[in-house]
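To keep things clear, I will list the structure first and then write my remarks on it.
The values are calculated or read from the model by the stated rules, or taken from the named source; none is laboratory data. Note that the structure is predicted; figures quoted are calculated from it, not measured. Here the Cβ positions follow ideal geometry from the backbone for every residue, glycine too, while neighbour counts run over all protein chains shown. We work out accessible area using only protein heavy atoms, side chains counted, and drop any ligands, DNA or RNA first. Shrake-Rupley method; radii C 1.70, N 1.55, O 1.52, S 1.80 Å.
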Amino acid sequence: MIKQEEVFRIGRLGRPHGVKGEIIFMFDDDVFDRVDADYLVLNIEGILVPFFMEAYRFRNDSTALMKFRDIDTENAARELTGCDVFFPRKLADNEDRMPSWNELTGYRLTDEKGHDVGIIASVDDSTANVLFETTEGRLLPANPDLIAAIDREQRTITLNLPEGILDI
């Protein structure tokens with residue numbers, strides 16, 4: 001059984017496209033194209049289920065037409081409409097690059113003195129100033145210049161925070 005901490009959200013499925021099982025995939029992270037992966041994970045009524053990709057083609061920089069193996073009709077694709085799409089962390093962790101904002105959900109934040117700051121519940125990247133929202137409700141800047149270190153194995157981020165920001 002796939003656990004929530006083993007994956008991170010990369011998008012959502014829209015409506016079917018055509019009659020042969022293709023479905024619109026609205027993605028926030030194109031890790032599925034950058035990393036060699038055979039499957040994506042869908043949240044089907046609260047259960048994380050792997051679906052093997054047969055083919056996909058990009059429509060623009062945030063939408064693709066996805067074809068999953070054994071989803072061969074419009075009705076079968078329609079049953080997946082609205083499902084959140086996740087990517088396995090273990091596959092993304094092998095990349096030698098800065099993790100995407102979506103991948104950082106669930107990471108523990110600490111300051112450079114080792115003090116616990118919280119766990120990232122979500123990342124708000126809807127504006128130019130990206131923010132980490134912690135499970136405690138704290139908002140912190142997610143500027144790469146403030147990130148001192150990322151430990152993917154321990155799933156921690158050390159932040160170089162400005163003096164007094166935690167007192168706000």
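Looking only at region 12-48, filter to residues that are assigned to a loop (DSSP other than H, G, I, E, B) and of a type in the set (Asp, Glu); which one of those is most open to solvent (accessible area, probe 1.4 Å)? Give the derivation first.
Going residue by residue through region 12-48, those that are assigned to a loop (DSSP other than H, G, I, E, B) are 18-21, 28-30, 35-38, 45-46.
From the residues that got through so far, the ones that are of a type in the set (Asp, Glu) too are 28-30, 36, 38, 45.
Working: ASP28: 107, ASP29: 8, ASP30: 58, ASP36: 140, ASP38: 98, GLU45: 178 Å².
Among them, the one singled out is GLU45.
So, ALA121, is that one of a type in the set (A, V, I, L, M), surrounded by 14 or more Cβ atoms within 10 Å (Cβ to Cβ) and in a strand (DSSP E or B) or not? Before the answer, list the steps.
On the way: of a type in the set (A, V, I, L, M): yes; surrounded by 14 or more Cβ atoms within 10 Å (Cβ to Cβ): yes; in a strand (DSSP E or B): yes.
Yes: the conditions hold for ALA121.
Which one is nearest to GLU163 (Cα to Cα) among residues in region 124-134 that are at pLDDT 90 or above and open to solvent by 30 Å² or more (accessible area, probe 1.4 Å)?
Restricting attention to region 124-134, the residues satisfying the condition of being at pLDDT 90 or above are 131-134.
Next, only the ones that are open to solvent by 30 Å² or more (accessible area, probe 1.4 Å) stay: 131, 133.
On the way: LEU131: 17, GLU133: 19 Å.
Per the stated criteria, the residue is LEU131.
Looking at (1) open to solvent by 50 Å² or more (accessible area, probe 1.4 Å); (2) touching a residue at least 40 places away in the same chain (Cβ under 8 Å); (3) not in a strand (DSSP E or B), can you tell me which one ASP145 breaks?
Failing condition for ASP145: (2).
Please go through region 59-92 and give me each residue that is charged (D, E, K, R) and without any contact (Cβ under 8 Å) to a residue 60 or more places away in the chain, ordered by number.
ARG59, ASP61, LYS67, ARG69, ASP70, ASP72, GLU74, GLU79
Which numbered condition in (1) open to solvent by 40 Å² or more (accessible area, probe 1.4 Å); (2) not in a loop (DSSP other than H, G, I, E, B) is the only one that GLY137 fails?
Unmet for GLY137, out of (1) open to solvent by 40 Å² or more (accessible area, probe 1.4 Å); (2) not in a loop (DSSP other than H, G, I, E, B): (2).
Here are THR105, THR73: which of them is open to solvent by 40 Å² or more (accessible area, probe 1.4 Å), β-branched (Val, Ile, Thr) and closer than 24 Å to ASP151 by Cβ? Please lay out each step first, then the result.
On the way: THR73 fails: closer than 24 Å to ASP151 by Cβ.
After applying the criteria, what remains is THR105.
Condition first: acidic (Asp, Glu) and part of a strand (DSSP E or B). Can you find one or more residues in region 85-96 that meet it? Talk me through it step by step, then tell me what you get.
Here is the first cut: in region 85-96, the ones acidic (Asp, Glu) are 93, 95-96.
Subset that is part of a strand (DSSP E or B): none.
No; the residues of region 85-96 include none that is acidic (Asp, Glu) and part of a strand (DSSP E or B).
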